[in-house]
Structure formats: C-alpha cells, structure tokens
1. Identify, by number, the condition in (1) open to solvent by less than 10 Å² (accessible area, probe 1.4 Å); (2) of a type outside the set (Ser, Thr, Tyr); (3) over 23 Å from Gly471 (Cβ atoms) that Ala309 doesn't meet.
2. Take residues that are buried (at least 17 other Cβ atoms within 10 Å of the Cβ) and without any contact (Cβ under 8 Å) to a residue 60 or more places away in the chain and tell me which of the strands (runs of 3 or more DSSP E) falling wholly in the stretch 316-396 contain 1 or more.
3. Applying the selection to the stretch 248-259, what residues are surrounded by 13 or more Cβ atoms within 10 Å (Cβ to Cβ) and either over 26 Å from the mean Cα position of the chain (by Cα) or not hydrophobic (A, V, I, L, M, F, W, C) (or both)?
4. Given the criteria in contact with a Leu (Cβ under 9 Å, 6 or more places away or on another chain), closer than 30 Å to Asn210 by Cα and modelled with pLDDT of 95 or more, does Val379 qualify?
5. Identify, please: which residue in the stretch 270-283 is open to solvent by 40 Å² or more (accessible area, probe 1.4 Å) and more than 15 Å from the ligand (Cβ to nearest atom) and is, among those, nearest to Gly465 (Cα to Cα)?
6. Quick one: would you say Leu72 is of a type in the set (A, V, I, L, M, F, W, C), within 16 Å of the ligand (Cβ to nearest atom) and open to solvent by 10 Å² or more (accessible area, probe 1.4 Å)?
7. Among the residues of the stretch 72-89, are any in contact with a His (Cβ under 7 Å, 6 or more places away or on another chain) and within 22 Å of Gly465 (Cβ to Cβ)?
8. I'd like to check which helices (runs of 4 or more DSSP H) are fully inside the stretch 51-146 and have at least 1 residues that are farther than 30 Å from Ile170 by Cβ and assigned by TED's automatic domain parsing to the domain that holds Lys482.
Amino acid sequence: MTLSRHAIIIGSGIAGIASAIRLATKGYQVAVYEANDYPGGKLSEIQKEGYRFDAGPSLFTLPEQVDDLFRLAGKKPEEYFEYEKLDVTCQYFWEDGTKLKAYSDLNLFAEEVQNKLGEPAGHIREALQKSAFIYDSLSPLFMNRSLHKLDTWTNPQAMKSYLRMGQLGIFSTMNEANRKQFSHPKLVQLFNRYATYNGSNPFETPATLNIIPHLEFNIGAFFPKKGMHDITMSLFKLSQELGVAYHFGQKVQKVLVENGEAKGIRITGKDHFAELVVNNMDMVNAYKTILKEEKQPKLLLKQPKSSSALIFYWGIKRDFPELDLHNIFFSDNYPLEFEHIFKRGTIYEDPTIYLNITSTHKADDAPEGCMNWFTMINVPNNQRQDWDQMIAEAKRNIIHKLNRVLKTDIESLIEVEEILDPRTIESKTSSAQGALYGNSSNNKFAAFLRHANYSSSIKNLYFCGGSVHPGGGIPLCLLSAKIMSEMIKE
Ligand code: FAD
C-alpha cells in the first residue's frame, strides 16, 4: 500500500493514541506531536524508590474498547494487553464502622446490602436493571455517534431513544432518583458517588447519569495485569508497529489554517504539513492557544468544568490485609462535601477518600510487606485558590480520617510521597482548570454543549479526547477517536 496522505495528531493522550491507530489502519501516515516527553497524558505512571503508581485513572471499564483497536489492526488483543475481571469492584467504609463489599456477583452484592443495611435485595436488582435500560436507550445515540450530524437524529436507534425519553431520568437529579430507589441513606450515598465518575455533582446532575453503575456492575470492573499504564503502553506499541511516528517534547503552537482549511501545525517557528489535523489537546486551552486566531465557539468555551482531584501517592511501609484494590471512605456529610467542591470552590474538612492500591493485585508495585497508596479526594477545579494552604489542610484531614477508620497512624508509615493537584494536572496535560473530564454534566443539556469531533468552520480539522463529545474517562475518550475516524474517508 502506498501511503500518500499525512495526518498530524496534537497530543498523545489515550484518545490521541487511539486516533493514531485508527488513522494508520485507514492508510494514513500519522505523526503525533506531544508536549511531554512521554505518551499517555493523564494515563501515565510514577515510579519512586521501589514503588509504582498509576498517575491518573485507576478504574477500568469497557475493556473491549481497547481490544477493538488491536482487532482493527489485525492483531490478537491478548498478545498485547491482558486484564482480569474484579470479583470485588469496591470496598466501602463509613466512620460508624459499617463496611460493605461491592461484589461483582450481583446476588452476592444484593445479599451483602440486605445483611449489612437491611435494604431489600430487590432494590439493587431493580436499580441495575434501570441502569441497563438507560444504557441500552442512550449509548447508541450519545456514545457511538456524533451528536452534530443529522443522520444521528434520524436513524432508527434515535427513534427508540425518543420513545423512552420520559423514563431516562432527564427531569430529576441523580440524588432524587436514588432516594426514591433506596431506603437506606448509605446506599443512596453509594449510588450518588457515580456522579463523580465524570466529575459532576449528584445533587445537580440528571438521573440519566445513573447509566454509570451499569458499566461497573452489569458489565464489570477490570484490572490490567500490568497496571492501568499498560493501556497506554500496549496501544503505544501497537501504534508504532503500524508506523505511527511520535515526536516528544514538541509543544504545538499553532494550527496552520489557509482558506478555511487545516494545513498542518507550527512548532518553534517550524511548519509541518498534513492533509488532516486531529487535536487531542483540551479544547478550551486549544482555542486559547493553537486556535486563538480562529472563530471561537463562545458558548461551549464558557461551560462549567468538571471537578478536579488532589492525589497523594504514598509508599506505605506496612500491609493492610483489610484493604483491596478500590476502597472508599465516605464523608459523613455528602451534600456539604459537594457544596464545597462545586459552590464554594473549597475542600470540605471531612472529604470522601478514595484509596487505590494496585499492589493488592500486582505485588511488584511495592516492596515486600508494603503498599502503594493512591490516595485521592475530589476537589474543585482550579480557580486560583490558595492551593498550598488547602493541600496542607486536606492532608491533615485525610490522615486523621484514615487513622480513625483503620485505627492506625498513617503518617508514621509514609516513606514515599508525591502529590498531584489541579494546578499540576493542568500544567502536565493542559486540561483547562485541571478538570478531570472536560465540562461537568451538572445540567441536562451538558451532552449537547460539548465540542463536536470536527470543526464546523475549518475543513480537515478534527477533535478527540475527554473535553469533546462524547466525554471524559477512558472508554469515552476511546469512543471519541472512533467517532472522529468514522467521519474520515479511507
Ligand atoms: P489527556 O490525557 O488529557 O492528554 C492530552 C495530551 O495532549 C497530553 O499528553 C498533553 O501533554 C498533550 N498536549 C496538550 N497540549 C499540547 C500541545 N500544545 N502540543 C502537543 N501536545 C499537547 N478515567 C477513567 O476512565 N477511569 C478513572 O478511574 C479515571 N480517574 C482519573 C483520575 C485522575 C487523577 C485523572 C487526572 C483522570 C482520571 N480519569 C479517569 C480521566 C481520564 O484520565 C481522562 O479522561 C483521559 O485519560 C483523557 O485522555 P485524553 O485523550 O483526553 O488526553
């Protein structure tokens, strides 16, 4: 095959790599320009003094989105990338000593909830059936197609969604729906947490987002055998085998546009030309920098951003057999915690703590008898708060809470520490305000207020990644690459 057409991709986030694979399989000669000196953007890793941490994402759902890319290239996925289904998707801890295991086996989970909280098992089954119903009704429309093309709205799948519209939770909030569904406040809190999977507020976001538990419970939560970073590295390897060229440490300064058509990019005064340009950089910052001379989509740019995160990567010199891969230590006041994040721009003194410990499943991620704690809380996005002061206070509160629940002295066990906060998320990946998932989904029109996967004013300019349609999180980022590439002719 002669490669005659060139494509340039700006950024090697997971959607950038997936786009590179898809375009390479369409016969394009692809070059990726990446500002960092490593691939993966948010999906990277940290190694320090015998500990390994996945730097960003820790929960892996819809693994077939990754497998599809290997198959598309004619390869066997299992020869590149291996993962396992988790038996326990998450462990939940409350300060009053309640502890709940979310088993992937729904009967076991329903039984656990009935035994520990007295919630009828049937409530869990009903909730997960509703979640599957929303997924079945909306995924063909919102996840797999461009919302900005007429045929999306006129195809038979769309008709199915229109007919079901009244049952999809558009007109109530996630919290309202969960309060109707469950009688125990702890279960309402547990199911409200799914709003944080795309950086939203359960007290505002529509109940349509109750689609998310379907992914984790009905389909499953998975763990890549070599850690989350292997999603990046295995796809990076595949793309290189397909001939994709990577240029690291290359910060793109401008998209070259001539007569309404993208022609290439500029880096430190040097121009690189291509028939196609795909932007994987956060679209708010893209319009501020590499597209600053172009027409600005003002309404889209001013949409509120999702929440951000504060993470302490701690090397802990002790084993805690009671902890698993995913552990949540809930706040005693969830409404107030979200009010702090989304209304006050501050961090609540009793935050919900997420502890991800990959050494429970991948022993060499920590020295023997030790654990690698990825200790994360949801925080507001960066509005130039006094982060140094807020981080110091949050660290004290996190340690006190973990000490109370685990009855230990964490501070004396921390032998390695790294910190990621909204400012460094923004500086390392160029995410506007350090938001994890682009725009928040706190209103019912949010899905329509994300940028399309193509430019309506510049020909041959396309977009992928967590800040454009269909949204943030690994599976949606991979789908953005798919939707984008399906718009491009072979
Ligand atoms: P990004 O990862 O945002 O990368 C963009 C890339 O573009 C970067 O490498 C950047 O350097 C590069 N770039 C930017 N500007 C330029 C330029 N001018 N020139 C060249 N290169 C440029 N998702 C999940 O599915 N599960 C989770 O559990 C989960 N948890 C998360 C926890 C944290 C702490 C974070 C930060 C994110 C989490 N996410 C999770 C979200 C997920 O990581 C993102 O949605 C996804 O990785 C974003 O990928 P992307 O393709 O949009 O690119």
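1. (3)
2. By residue number, 353-356, 371-379.
3. Within the stretch 248-259, Gln250, Lys251, Gln253, Lys254, Val255, Leu256, Val257 qualify.
4. For Val379, the condition - in contact with a Leu (Cβ under 9 Å, 6 or more places away or on another chain), closer than 30 Å to Asn210 by Cα and modelled with pLDDT of 95 or more - is met.
5. Only one residue fits best here, namely Glu275.
6. Considered against the rule, which asks whether it is of a type in the set (A, V, I, L, M, F, W, C), within 16 Å of the ligand (Cβ to nearest atom) and open to solvent by 10 Å² or more (accessible area, probe 1.4 Å), Leu72 comes out as no.
7. no
8. In the stretch 51-146, the matching helices (runs of 4 or more DSSP H) lie at 64-72.
The values are calculated or read from the model by the stated rules, or taken from the named source; none is laboratory data. Only a predicted model underlies this, so the values are computations on that prediction, with no experimental measurement involved. Neighbour counts are summed over all protein chains in view; Cβ atoms, including those assigned to glycine, are modelled from backbone coordinates with ideal geometry. Please note that ligands, DNA and RNA were not included when accessible areas were found on the heavy atoms of the full protein model with its side chains. Shrake-Rupley method; radii C 1.70, N 1.55, O 1.52, S 1.80 Å.
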